[in-house]
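Scroll down for the structure; my scribbles are underneath it.
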Amino acid sequence: MGDILINIWMESFLIVFILAFCLDLIVGDPYWFPHPVIFIGRLVAYLERVARSLVSRLINRTLCKDRSKPIGEAKALRASGLAIWLITVVLSYLIAYAWSHIFDFNTYLDMGMTILAMCTCLSTRCLATESKKIYRALDKGDLDLARRHLSYIVGRDTKDLKEKDIIRATVETVAENTVDGSLAPMFYYILGGLPMAFAYKAVNTMDSMLGYKNEKYRELGYFPARLDDVFNYIPARLSLIFFALASLVLTYDFRASIRIGLRDRKNHTSPNCAYPEGAVAGALGIRLGGTNTYFGQLVYKPSIGDEKKDLEASDIVKANRLLYVSSLVGLVFFCISYLLVRALAL
């Protein structure tokens, strides 16, 4: 009886995984739906306000006589960033764990609610939809509209970007967020179920909110940014394989996808981002990277890829195709990996 229950659970585990992926492709992230990331973001924003207030009080008390020691504030902010990270990740994990068990009294209801929750961890369709808005605006020649749509999905300043810069930023975002929004959540679901997928979303959300390297967030976001690098380490490197296979399926330059992905893997301030960006740049024969402006501050980044052709709006469409196919390749890979591990464990 015990073996039967274990087999049923294992089969439902993969069914949930596959159906959640399909549901995300069909419905994406409706604007009216109370997305968990919104609540994670609100929690992080609240904890940031509390942390900054406490650090300010602490500094005022201990350094009121000597303002020449900013290192005390830096350490306090770093410690606060770590505390925010721990609180948010642990709460996200526990809430997802409770959600995945609260409906155990009915197998079908349990699977349905887990599928719904796991779907919110994926953003494949949402990413494609938002980038398509930029493509359509460019196709109409409306640069202001394209800049506005781009500002919703990137952290860089967009108000003065030219057409090629808009295309470059969009393709980079699609490449990078294929990992953040699709491959990494799937990886962590296979690794530890819904709780691990939600924990990853918390990690990624904190990086997008606190992980900037400007004066405001350099210390507070120190641990959230680096721990996001840790969590994305394996998914980012797997993305090089998945993008290359997707390039082969789509008849893009899959050899260049692998070559550029490996050659330029260190051409980024992040230890992970150059893998997917390099793979996409190689597949499309374009050059990504370069200097961008964040909150009015210039941030230099090395170039990624070879400029075999000029950037075109159609490259956004091609990047979206790579997003969809590489995500499907990832789904198949993770399912097979899960089944192989299961077979070896028996």
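What pairs come out if I take residues in the stretch 128-153 that are under 16 Å from Tyr31 (Cβ atoms) and pair them with residues that are acidic (Asp, Glu) whose C-beta lies under 7 Å away, six or more apart or interchain?
What qualifies is His149/Glu130; Tyr152/Glu130; Ile153/Glu130.
Exactly one of these conditions fails for Trp99: (1) of a type in the set (A, V, I, L, M, F, W, C); (2) part of a helix (DSSP H, G or I); (3) surrounded by fewer than 18 Cβ atoms within 10 Å (Cβ to Cβ). Give me its number.
Every condition holds for Trp99 apart from (3).
Results for (1) surrounded by fewer than 18 Cβ atoms within 10 Å (Cβ to Cβ); (2) at positive phi; (3) among the charged types (D, E, K, R); (4) in contact with a Leu (Cβ under 8 Å, 6 or more places away or on another chain), shown as yes or no for each residue.
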{"residue": "Leu311", "(1), (2), (3), (4)": "no, no, no, no"}
{"residue": "Ser314", "(1), (2), (3), (4)": "yes, no, no, no"}
{"residue": "Leu322", "(1), (2), (3), (4)": "no, no, no, yes"}
{"residue": "Val325", "(1), (2), (3), (4)": "no, no, no, yes"}
{"residue": "Val329", "(1), (2), (3), (4)": "no, no, no, yes"}
{"residue": "Leu340", "(1), (2), (3), (4)": "yes, no, no, no"}
{"residue": "Leu344", "(1), (2), (3), (4)": "yes, no, no, no"}
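Picking from Tyr200, Tyr152, which residue would you name as being aromatic (Phe, Trp, Tyr) and surrounded by fewer than 20 Cβ atoms within 10 Å (Cβ to Cβ)?
Sole residue among the options that is aromatic (Phe, Trp, Tyr) and surrounded by fewer than 20 Cβ atoms within 10 Å (Cβ to Cβ): Tyr152.
Can you tell me which of (1) within 19 Å of the chain's Cα centre (by Cα); (2) in a helix (DSSP H, G or I); (3) under 28 Å from Leu220 (Cβ atoms); (4) at pLDDT 95 or above is the one Cys121 doesn't meet?
(2)
Asn204 fails exactly one of the following numbered conditions: (1) farther than 19 Å from Val329 by Cα; (2) over 14 Å from the mean Cα position of the chain (by Cα). What is the number of that condition?
Going through (1) farther than 19 Å from Val329 by Cα; (2) over 14 Å from the mean Cα position of the chain (by Cα) one by one, Asn204 breaks only (2).
Out of everything in the stretch 187-215 that is of a type outside the set (Gly, Ala, Ser) and free of Cβ contacts under 8 Å to residues at least 12 places away in the same chain, what residue ends up being nearest to Glu73 (Cα to Cα)?
Glu215
Mind listing whichever residues of the stretch 188-230 are in a loop (DSSP other than H, G, I, E, B) and either closer than 29 Å to Leu322 by Cα or among the basic types (Lys, Arg) (or both)? Show your work before the answer.
So in the stretch 188-230, the residues in a loop (DSSP other than H, G, I, E, B) come out as 211-221.
The answer is Gly211, Tyr212, Lys213, Lys216, Arg218.
Kindly establish whether Ser68 is in a helix (DSSP H, G or I) and either out of contact with any strand residue (DSSP E or B) (no Cβ under 6 Å at 6 or more places or on another chain) or modelled with pLDDT of 90 or more (or both).
Values: in a helix (DSSP H, G or I): no; either out of contact with any strand residue (DSSP E or B) (no Cβ under 6 Å at 6 or more places or on another chain) or modelled with pLDDT of 90 or more (or both): yes.
So Ser68 fails the test.
Is at least one residue of the stretch 262-269 under 27 Å from Cys119 (Cα atoms) and either in a helix (DSSP H, G or I) or touching a strand residue (DSSP E or B) at 6+ places or on another chain (Cβ under 7 Å) (or both)?
Looking through the stretch 262-269, none of the residues is under 27 Å from Cys119 (Cα atoms) and either in a helix (DSSP H, G or I) or touching a strand residue (DSSP E or B) at 6+ places or on another chain (Cβ under 7 Å) (or both).
What number of residues within the stretch 138-187 are part of a helix (DSSP H, G or I), in contact with a helix residue (DSSP H, G or I) (Cβ under 9 Å, 6 or more places away or on another chain), closer than 30 Å to Tyr200 by Cβ and among the small types (Gly, Ala, Ser)?
Adding up the residues that qualify gives 5.
Could you figure out which of (1) touching a residue at least 24 places away in the same chain (Cβ under 8 Å); (2) surrounded by fewer than 16 Cβ atoms within 10 Å (Cβ to Cβ); (3) of a type outside the set (A, V, I, L, M) isn't true of Phe105?
(1)
Could you grab me the full set of residues in the stretch 222-235 that are touching a Phe, Trp or Tyr at 6+ places or on another chain (Cβ under 6 Å) and crowded, with 24+ Cβ neighbours inside 10 Å?
Once the filter is applied, which keeps residues that are touching a Phe, Trp or Tyr at 6+ places or on another chain (Cβ under 6 Å) and crowded, with 24+ Cβ neighbours inside 10 Å, the stretch 222-235 yields Pro224, Pro235.
Could you list, in sequence order, all residues of the stretch 245-282 that are without any contact (Cβ under 8 Å) to a residue 60 or more places away in the chain, buried (at least 24 other Cβ atoms within 10 Å of the Cβ), more than 18 Å from the chain's Cα centre (by Cα) and more than 14 Å from Glu307 (Cβ to Cβ)?
Scanning the stretch 245-282 gives Ser257, Gly261.
Checking Asp110 against (1) in contact with a helix residue (DSSP H, G or I) (Cβ under 7 Å, 6 or more places away or on another chain); (2) surrounded by 18 or more Cβ atoms within 10 Å (Cβ to Cβ), which test does it fail?
All conditions are met except number (1).
Taking the stretch 238-261 only, how many residues are part of a helix (DSSP H, G or I) and out of contact with any helix residue (DSSP H, G or I) (no Cβ under 9 Å at 6 or more places or on another chain)?
So the first thing to find is which residues in the stretch 238-261 are part of a helix (DSSP H, G or I), and the list is 238-249, 254-261.
Retained after the next criterion (residues that are out of contact with any helix residue (DSSP H, G or I) (no Cβ under 9 Å at 6 or more places or on another chain)): none.
Going through the stretch 238-261 one residue at a time, the tally reaches 0.
The values are calculated or read from the model by the stated rules, or taken from the named source; none is laboratory data. Only a predicted model underlies this, so the values are computations on that prediction, with no experimental measurement involved. We place every Cβ from the backbone using ideal geometry, glycine too, and count neighbours over all the protein chains shown.
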